[in-house]
1. Which count do you get for residues in segment 69-84 that are surrounded by 13 or more Cβ atoms within 10 Å (Cβ to Cβ) and either more than 17 Å from MET18 (Cα to Cα) or among the acidic types (Asp, Glu) (or both)?
2. Take the residues of segment 2-18 that are closer than 25 Å to LEU75 by Cα and of a type in the set (A, V, I, L, M, F, W, C): which is least open to solvent (accessible area, probe 1.4 Å)?
3. Looking at segment 37-53, which of the residues that are more than 29 Å from the chain's Cα centre (by Cα) and touching a residue at least 12 places away in the same chain (Cβ under 8 Å) is farthest from GLU25 (Cα to Cα)?
Amino acid sequence: LERQLLMQNQMRERQTAMQIAWTREFLKYFGTFFELAAVGLTAGAIKKKNPGVLLPIVPLSFILAYQYDMGYGTLLQRIKGEAENILDTQSTLLELPKGPLTYEDLEKIRRSQSKFFIEK
């Protein structure tokens, strides 16, 4: 059991590391896109003398800030803290509908899905 717990924790850590690495890689591409869009929209706003052309920068900057916070900031630590808070103070939110799944529930489902099972 201890080995299984260690293995599950290692898998979780590796998956989290992959998620952070993916976010950092995505941030490189999105950051480049954001820079090009900002330059292009600024040039368009100056050329057309219309500041409304800059409006798409607002949502793009929120996406950029989120991705940066996820890849290099403290977002994961804040999420972990909030998850611990939920576990400590709001555990009723974690209850499954109709309670936890039991062996009897699984057997009922299996029997109802089985075409060859004949109830006695």
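The values are calculated or read from the model by the stated rules, or taken from the named source; none is laboratory data. Here the structure is a predicted model, which means the values were calculated and not measured. Positions of Cβ are generated from backbone atoms using ideal geometry, with glycine treated the same way; all protein chains shown enter the neighbour counts. Calculation scope for accessible area: heavy atoms of the full protein, side chains included, ligands and nucleic acids excluded. Shrake-Rupley method; radii C 1.70, N 1.55, O 1.52, S 1.80 Å.
1. 1
2. That would be ALA17.
3. The residue in question is VAL53.
Per-residue answers, yes or no, for (1) surrounded by fewer than 10 Cβ atoms within 10 Å (Cβ to Cβ); (2) at pLDDT below 95; (3) not hydrophobic (A, V, I, L, M, F, W, C):
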position: ARG24; (1), (2), (3): no, no, yes
position: ALA38; (1), (2), (3): no, no, no
position: LEU93; (1), (2), (3): yes, yes, no
position: LYS98; (1), (2), (3): yes, yes, yes
